[in-house]
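Input: a single structure, listed below in structure tokens.
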Amino acid sequence: MKKWGKIIFLSFLGGLFGFFFFIFFSKHIAHFFPQRERIGMVGAYTVDNLPPSITQKLSRGLTKISDKGEIKPDLASSWEIKDQGKTYIFHLKHGVRFSNGKEVTSDTLNYSFKDAKVEKPDKYTISFNLKDQYAPFLVTVSRPIFPKGLSGLGEYVIRDIKLNGNFISSLYLVATKNKQIQQDYTFYPNQEALKTAYLLGDATKIVGINNPKTFGTDLTTHRNSLVEENTNYDQLVAIFYNTKDQVVSDNKLRKGLTYALPDTFEEGERIHLPYPPKSIYFSKDSASKSQDLAHAKLLIDATYGSASSSARQTITLKSLVRYHQVAERIVKIWQNLGVKVKIEDVESKPSSFQMYLGDFFVPKDPDQYELWHSKSDHNITRFDSKRIDKLLEDGRRTVNVNERIKIYDEFQKFLLDDAVIDTPASFLYFPYTYVVTRR
């Protein structure tokens, strides 16, 4: 200490000063170091089929869709609709450039549609001549544009992709304006694997989980974790009825089952219509069906006539595995009303069923032709209504927004009107999803 004490003391002071100097000025020099966020998601994606949450970061479309379902200009400054909705002419904004520096012109747009003729009269104009009227076309061209590979117009570019066979295992993005901002996406096979990766520190952020609990751990109270709850308005959970089934074809029974459903679901935002409540097409005048067990009991008993509870035929509810607990709670209510129901878990949408608890993708456009039109191959309920068919056909042909709002308002009223139409489905909820971030 006599020999080196002074040096030791000065070294200690210098280290202490350097430490506090670094802490004080770190916020001013942080931008010199990469800010790499490790994000985990569930899904099996290919290069040609990335999730929308990522493609929207990489590029833009001719149009964009607001949360209310309104169509706004994006790469196109304006557009014209001619020939009663068969011709769409888009005028491009000038001076917009891809991440590689090339300007966006009509020649760089690589949209390709079946039964559509593309014309490019000049550098900043592109037109699509459709075979038939198709009002959802303005939503279709909101799809992000990638002229070559995945070099687009977004806030990020892809720096690296790692594949496992044909599927992406990880994706590395870098911000176009600030190269220090980086996002590293890793894809996991299921939600439990995703949550485990977060707990092990392999991911600093996980998105799209439907339950913040795993293996006895509640991520909402987990140390240094911030949990954000969102509602996924792109997915709607519902019970689909086979309208041609010998038992479930009875509309009184389907009405009774619907009136028995609870008013809330802890898994999501309760809904009675097939549109998000923020949408301009959501029918605010359509009455919600609150739980009414007495009325449900009358309708169910009227279905079975004088048959005793023990003599009633058992109905099978096929449920996606992830909705099994929801199915159990619903079936318990039905059984208390004298309906015999058994649950059968399925991994995917079944080809045949009496009742099916599943979900469907809610398109940005209000057109739901594929779900409910009698001629659609995707009409799994085998629903057949000339009135609904006509409304869906008119909705596809009508380009005026105010007229479309009227059409789909009527569509929703007749889809759920007990006195007019058979109910093909009971809409349950838009699921909650959670984002967990390590602070």
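Overview of values
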item: Relative contact order [Cα under 8 Å, 6+ residues apart], segment 235-431, whole percent; result: 36 percent
item: Added length on full extension, which subtracts the Cα-Cα distance from 0.36 nm per residue, Phe19 to Arg439; result: 149.0 nm
item: Magnitude of the charge dipole, segment 235-431, Cβ model with Lys/Arg +1 and Asp/Glu -1, debye to 20; result: 260 debye
item: Förster-model FRET efficiency, 25 Å R0, Asp107 and Phe167, C-beta, rounded to 0.05; result: 0.15
item: Modelled FRET efficiency - R0 51 Å, Asn100 with Phe215, Cβ distances, 0.05 increments; result: 0.65
item: Too-long pairs where the Cα-Cα distance tops 26 Å, listed order kept, from Lys114/Lys284; Lys244/Lys413; Lys195/Lys332; result: Lys114/Lys284; Lys195/Lys332
item: Charge dipole of segment 197-322 about the Cα centre (unit charges at C-beta), most positive-ward option of Asn224, Val321, His295; result: His295
item: Test item: Cα-centred dipole of segment 137-188, Lys/Arg +1 and Asp/Glu -1 on Cβ, debye; result: 140 debye
item: Segment 229-276: C-alpha gyration tensor shape, a/c 1.5 cut-off, then a/b vs b/c; result: prolate
item: Relative contact order [Cα under 8 Å, 6+ residues apart], the chain, whole percent; result: 19 percent
item: Two-decimal Rg/Rh across the chain, once Rg and the Kirkwood Rh are taken from alpha-carbon atoms; result: 1.07
item: Pairwise label distance in nanometres, Glu370 with Asp234, each label 7 Å out on the Cα-Cβ vector; result: 1.4 nm
item: Mean Cβ neighbour count within 10 Å, used as a protection proxy, ranking 330-342, 232-244 highest first; result: 232-244, 330-342
item: Separation of the His222 and Arg387 label points, Cα + 7 Å toward Cβ, nm; result: 5.1 nm
item: Axial C-alpha extent at least 24 Å, average Kyte-Doolittle at least 1.0 - helices from the chain (DSSP); result: 5-29
item: Theoretical gain in end-to-end length, Thr176 to Lys342 [0.36 nm per residue, Cα-Cα removed]; result: 54.3 nm
item: Farthest positive-ward along the chain dipole, Cα basis, beta-carbon charges - from Gly358, Val96, Gly395; result: Val96
item: Net dipole in debye of the chain [+1 Lys, Arg Cβ; -1 Asp, Glu Cβ; about Cα centre; nearest 20]; result: 1720 debye
item: Set of lysines with alpha-carbon distance to Lys123 below 21 Å, sequence-local pairs under 8 removed; result: Lys82, Lys93, Lys102, Lys148
item: Inter-centroid distance (Cα atoms) of segment 384-399 relative to segment 278-346, Å; result: 29 Å
item: Straight-distance crosslink candidates among aspartates and glutamates, where the alpha carbon sits under 19 Å from Lys86 and sequence neighbours closer than 8 are dropped; result: Asp115, Glu119, Asp132, Asp365, Asp367, Glu393, Asp394, Glu403
item: FRET efficiency, 1/(1 + (r/R0)^6) with R0 22 Å, evaluated for Asn402 and Arg143 via beta carbons; result: 0.30
item: Sorted peptide list for 383-391, 363-371, criterion being average Cβ within 10 angstrom, highest first; result: 363-371, 383-391
item: Rough spin-label spacing in nm, given labels placed 7 Å along Cα→Cβ, for Trp4 and Asp83; result: 8.9 nm
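Values quoted throughout were computed directly from the atomic coordinates according to the rules given, and no laboratory measurement underlies them. In this text, all values refer to a predicted model and were calculated from it rather than measured experimentally. A quick note on method: Cβ atoms are made from the backbone with ideal geometry, for glycine too, and the neighbour counts reach across all protein chains shown.
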